[in-house]
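Trainee: Submitted below is the structure of interest, expressed as structure tokens.
The values are calculated or read from the model by the stated rules, or taken from the named source; none is laboratory data. Source: prediction; values computed, not measured. Cβ placement follows ideal geometry from the backbone for every residue including glycine, while neighbour counts extend to all protein chains displayed.
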Amino acid sequence: MITPILIQLFEQGLTKLSNEIDQYPDDASLWIPLEGITNAGGNLCLHLNGNLQHFLGAVLNDSGYVRNRDAEFSLKNISKKKLLDEVEATKMSVRDTLEQLSKKTLEQTYPIQLFDEPVTTEYMLVYLLSHLNYHIGQINYHRRLAATKVAATQA
């Protein structure tokens, strides 16, 4: 069954996310707007947490999580510590959800249709994993540019 592999890969991805956020020079650099980059690292972190807590925790595991997608992109100046705490909460939610999924559930149609046609839960989980890693790459890029900008202002 694919579930143990998904648990491992989501945990690796969320650990990478934590490491990226932790490497920002300070809280303010998480939110620095940069030319040519639509979303700051802090907003992408909020987005990834909201996305996974919603599509895994709430939809597949009735966690009670209520998503505010607009806030994921509009909130600013949240501390690095608070973001890292949220990543840990997301990691626990993802693990709890994936551990309880049966093979039958993985083969069933995902409860929410996001694409042109219905997909299986297994397909949706692989999609969410690729979405996570895509945005981690964006965060890495933003972090490196933001750190350069911070260093230039301190020189």
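Trainee: Just the residues that are exposed (fewer than 15 other Cβ atoms within 10 Å of the Cβ) and among the aromatic types (Phe, Trp, Tyr), please, taken from the range 95-118.
Mentor: Phe115
Trainee: Oh, and also: Could you check the range 22-76 and list, in sequence order, the residues that are under 19 Å from Ile136 (Cβ atoms) and among the polar types (S, T, N, Q)?
Mentor: Passing the criteria: Gln23, Ser29, Thr38, Asn39, Asn43, Asn49, Asn51, Gln53.
Trainee: Related question: Within the range 19-41, how many residues turn out to be out of contact with any His (no Cβ under 7 Å at 6 or more places or on another chain) and either assigned to a helix (DSSP H, G or I) or more than 19 Å from Ala152 (Cα to Cα) (or both)?
Mentor: Residues flagged as out of contact with any His (no Cβ under 7 Å at 6 or more places or on another chain) and either assigned to a helix (DSSP H, G or I) or more than 19 Å from Ala152 (Cα to Cα) (or both) within the range 19-41 amount to 10.
Trainee: With respect to Arg69, determine if the residue is surrounded by 13 or more Cβ atoms within 10 Å (Cβ to Cβ) and basic (Lys, Arg).
Mentor: In short, no.
Trainee: From the list Glu20, Glu11, Glu88, Glu35, which one is under 21 Å from Arg144 (Cβ atoms), among the acidic types (Asp, Glu) and in contact (Cβ under 8 Å) with a residue 60 or more places away in the chain?
Mentor: Only one candidate qualifies: Glu20.
Trainee: Return yes when Glu117 is out of contact with any Asp or Glu (no Cβ under 9 Å at 6 or more places or on another chain), of a type in the set (D, E, K, R), closer than 21 Å to Gly50 by Cα and modelled with pLDDT of 95 or more and no when it is not.
Mentor: No, not satisfied.
Trainee: Scan the range 104-125 for residues that are touching a helix residue (DSSP H, G or I) at 6+ places or on another chain (Cβ under 8 Å), in a helix (DSSP H, G or I) and over 20 Å from Ser63 (Cα atoms) and jot them down.
Mentor: Glu107
Trainee: Which residue is farthest from Met92 (Cα to Cα), if the candidates are limited to the range 34-59 and must be among the aliphatic types (A, V, I, L, M) and surrounded by 20 or more Cβ atoms within 10 Å (Cβ to Cβ)?
Mentor: My answer is Ala40.
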